[in-house]
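This report concerns only the one structure given below.
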Amino acid sequence: MFDCILIANRGEIACRVIRSARALGVRTIAVYSDADAGAAHVALADQAVHIGGPRPADSYLRGDRIIAAALATGAKAIHPGYGFLSENPDFVEAVEAAGLTFIGPSASAIRAMGLKDAAKALMQEAGVPVVPGYMGANQDPEHLAGAADGVGYPVLIKAVAGGGGKGMRLVERPQDFRDALESARGEAATAFGNAAVLIEKYIEQPRHIEVQVFGDGTRAVHLFERDCSLQRRHQKVIEEAPAPGMTEAMRAAMGQAAVRAAEAIGYRGAGTVEFIVDGSKGLRPDGFWFMEMNTRLQVEHPVTELITGVDLVEWQLRVASGEDLPARQEDLAIRGHAFEARLYAEDVPAGFLPATGTLTHLTFPEGARIDSGVRPGDTISPWYDPMIAKVITHGPTRAVALARLRAALEGTQVAGSVTNLAFLGALTRHAGFARGEVDTGLIGRDIASLTAEPPVEDAMVALAALTAAGAGQGGTLEGFALWSPLRQTVTLDLGEKRWNVVLTRTAPNWTLRIGARELEAERRAGTWWIDGTRAPEAALTAPGRVSVFGACIVHFTLPDPLAREGDAGAAAGVVLAPMPGLVKAVFVSKGEAVVKGARLAVLEAMKMEHTLTAGRDGIVAEVLAGAGQQVEAGAALIALEDE
Ligand code: ADP
């Protein structure tokens, strides 16, 4: 075994590799970019080396610097993780030329699977079923159109150098072929510098089922299948193992085909053979076709680990260091069922746009495996994949594993960025998914209901108002007996919606009025009970923001009451404190000219700082409060007069 390895990656996969290496007593070296100086993988590794600027091209793709870092720190091998340099044969050759071990397949195995047409031809030779189609060298449009007719519509045009769904076009009718071909080639030329395409039969109701393989360079075993049919625009969202509805006969056929594929290219290490399956007629041993092989560890490898009990990273390290395959095929068996959901910082209503932000709050429940590369307080930067965590569950049956995934997602608390958490939760409650009726079109068909905003219950609004007011925490509301008004109004916004909640201390309880509705809140053992029902957790997660962590997470914003009422006050010439608080600072003095929007003072109230601005141009006529002074609601703070 190596005594020290370098991980040429970042985020959750770097942390994942470090954990398994450490368990084997292997020292770990991280590398990092400027954007990742404070990142979790840097803190977790035994040592970390800075390799460049935040752009991947300046750091995580700089093979030369990564190899230099390995040599400088005494690392004997490099684990590439996934993405970045993991499937770059030139990097593999450079690593080996430097006298280091690449923890993964040979450069030639990666090259053999690098282009879709060559890979398909190779697989066909090895007796692996491939999707019927044309994958020849003749790229004449006339010839390709003829090939499409021969294959039979609908057909899929794919860039031979493709990846990530780029350069791919579905064509339903012959008369649309020419236009689709032109746009696929244009996209492929731009994205891959290679305009060549192949034509494939389009499989209706396709399912994406892939087989995990593991080789020692000669022999290979398979670790069963994963179903990754739950995709949004060809991007995997939730993966599971085994595949629902899989039969022993089909599993054996797919496993053997995948092993043949791996052995045909002398595969070493962990790899995945992706198949497309025709889901319209049920799973049959003759109903699957090779799509491509990913010559690396995959994002969704944990579901395979949970059903087989194998640590795939441990296997990678052992085989790369020269050990035999750790298990024979007959030693491997499936135990139970596993799911993985990919939690991303992304803006679902805006079309799943990647989001950024500082994760002011981040907790996960017990009982799920969480593979994450961020900690509370860490930032999702715009430079890299916005993954927050993979939430992974296991159970004796599919139903139990899915129920555990739903519970794990409901128990996940994250604030500081928008996320796809509610979308993932909705998927775990999807009736068809629960029945195992998965195909790659499921999300697209039901996107409206999967992304519908959940209703906001009064109890959630009440809880947010109590939290905003600091009630039950020795906050301002407890002090109400000292102030003359015994009630307080908290305004909460959510998108276009606004609530005005009137809180009254009716010791030992609190009464809340939301519109015509009245609710009773009780604080017991550190928890709120609203109308007798235990409320979920809630917290002030950022200035002006209250998050309620219920079955779904709702982030309310607190409109700055001083800005609002300050405006009204300023119009009348006086700026008032609309709630009790502490004056933290006053920025103006008598006689000073101010313009509309100028900062006048800061008031601390509801555990937050509110900046008070001038609602109009004017001269400060009077400063009625000073820093450090506690003021009552309605107290006049600053008077303005016209010039
Ligand atoms: P890429 O390498 O660009 O990701 P793939 O060949 O892996 O492209 O295909 C991506 C996805 O497109 C698959 O997971 C599947 O959902 C769909 N797909 C690919 N080939 C076919 C096909 N012949 N028929 C139907 N759907 C397909």
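Before moving on, here are some points about what is shown:
- The condition of being open to solvent by less than 20 Å² (accessible area, probe 1.4 Å) and in contact with a Phe, Trp or Tyr (Cβ under 9 Å, 6 or more places away or on another chain) does not hold for ILE370.
- Flag if ARG173 is more than 29 Å from VAL237 (Cα to Cα), more than 14 Å from the ligand (Cβ to nearest atom) and in the same structural domain as GLU263 (by TED's automatic domain parsing): no
To keep it simple, each residue is scored yes or no on (1) among the acidic types (Asp, Glu); (2) under 16 Å from ASP458 (Cα atoms); (3) modelled with pLDDT of 85 or more.
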position: ALA471; (1), (2), (3): no, no, yes
position: GLY474; (1), (2), (3): no, no, no
position: THR491; (1), (2), (3): no, yes, yes
position: LYS497; (1), (2), (3): no, yes, yes
position: ASN500; (1), (2), (3): no, yes, yes
position: LEU512; (1), (2), (3): no, yes, yes
position: GLY515; (1), (2), (3): no, yes, yes
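- Filter result (modelled with pLDDT of 95 or more and in a loop (DSSP other than H, G, I, E, B)) within region 153-172: TYR153, PRO154, GLU172
- Filtering region 129-139 to residues that are open to solvent by less than 50 Å² (accessible area, probe 1.4 Å) and more than 16 Å from the ligand (Cβ to nearest atom) leaves GLY136, GLN139.
- Residue satisfying all of: in region 265-284; more than 16 Å from the ligand (Cβ to nearest atom) and at pLDDT 95 or above; most open to solvent (accessible area, probe 1.4 Å) among these: ARG268
- Within region 172-185, residues that are hydrophobic (A, V, I, L, M, F, W, C) sit with their Cβ atoms under 9 Å from residues that are open to solvent by 70 Å² or more (accessible area, probe 1.4 Å) and in a helix (DSSP H, G or I), at 6+ positions apart or across chains, in these pairs: PHE177/ASP149.
- Failed criterion for LYS236 (all others in (1) open to solvent by 30 Å² or more (accessible area, probe 1.4 Å); (2) away from the ligand (no atom under 16 Å from the Cβ); (3) of a type outside the set (Val, Ile, Thr) hold): (2)
- Entry remark, region 374-400: residues being under 28 Å from ALA434 (Cβ atoms), touching a Gly at 6+ places or on another chain (Cβ under 7 Å) and assigned to a strand (DSSP E or B) number 3 in total.
- Within region 97-123, the set of residues being modelled with pLDDT of 95 or more and surrounded by fewer than 21 Cβ atoms within 10 Å (Cβ to Cβ) comprises ALA97, ALA98, GLY99, LEU100, THR101, SER106, ALA107, SER108, ARG111.
- Any hit, region 140-149, residues being in contact with a strand residue (DSSP E or B) (Cβ under 6 Å, 6 or more places away or on another chain) and either assigned by TED's automatic domain parsing to the domain that holds VAL319 or within 12 Å of the ligand (Cβ to nearest atom) (or both): no
- Filtering ALA408, ALA431, ALA389, ALA403 for residues that are exposed (fewer than 15 other Cβ atoms within 10 Å of the Cβ), modelled with pLDDT of 95 or more, over 30 Å from ILE514 (Cα atoms) and hydrophobic (A, V, I, L, M, F, W, C) leaves a single hit, ALA431.
- In summary, strands (runs of 3 or more DSSP E) completely within region 1-61 and bearing 2 or more residues that are open to solvent by 10 Å² or more (accessible area, probe 1.4 Å) occur at 27-33, 47-52.
- Residues of region 170-186 that turn out to be touching a strand residue (DSSP E or B) at 6+ places or on another chain (Cβ under 8 Å) and open to solvent by less than 60 Å² (accessible area, probe 1.4 Å), as a count: 6
- Considering ALA94, ALA77, ALA126, the condition of being open to solvent by 10 Å² or more (accessible area, probe 1.4 Å), away from the ligand (no atom under 16 Å from the Cβ), touching a residue at least 12 places away in the same chain (Cβ under 8 Å) and in the same structural domain as SER20 (by TED's automatic domain parsing) is satisfied by ALA94 alone.
- In region 287-302, residue farthest from the ligand (Cβ to nearest atom) [restricted to those that are under 16 Å from SER108 (Cα atoms) and open to solvent by 10 Å² or more (accessible area, probe 1.4 Å)]: ARG296
- Being aliphatic (A, V, I, L, M), in a helix (DSSP H, G or I) and open to solvent by 10 Å² or more (accessible area, probe 1.4 Å) is a property that holds for ALA422.
Rundown of residues vs (1) more than 28 Å from LEU144 (Cα to Cα); (2) within 14 Å of the ligand (Cβ to nearest atom); (3) more than 29 Å from the chain's Cα centre (by Cα); (4) in a strand (DSSP E or B), yes/no style:
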position: ARG185; (1), (2), (3), (4): no, no, yes, no
position: ALA191; (1), (2), (3), (4): no, yes, no, no
position: ASN194; (1), (2), (3), (4): no, yes, yes, no
position: ARG207; (1), (2), (3), (4): no, yes, no, yes
position: GLN212; (1), (2), (3), (4): yes, no, no, yes
position: HIS222; (1), (2), (3), (4): yes, no, no, yes
position: ARG226; (1), (2), (3), (4): yes, yes, no, yes
position: SER229; (1), (2), (3), (4): yes, yes, no, yes
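The values are calculated or read from the model by the stated rules, or taken from the named source; none is laboratory data. These numbers come from a predicted model, not from an experiment. So basically every Cβ, Gly included, is an ideal-geometry build from the backbone, and we count neighbours across all protein chains shown. Just the protein is used for accessible areas: all its heavy atoms, side chains included, with ligands, DNA and RNA removed. Shrake-Rupley method; radii C 1.70, N 1.55, O 1.52, S 1.80 Å.
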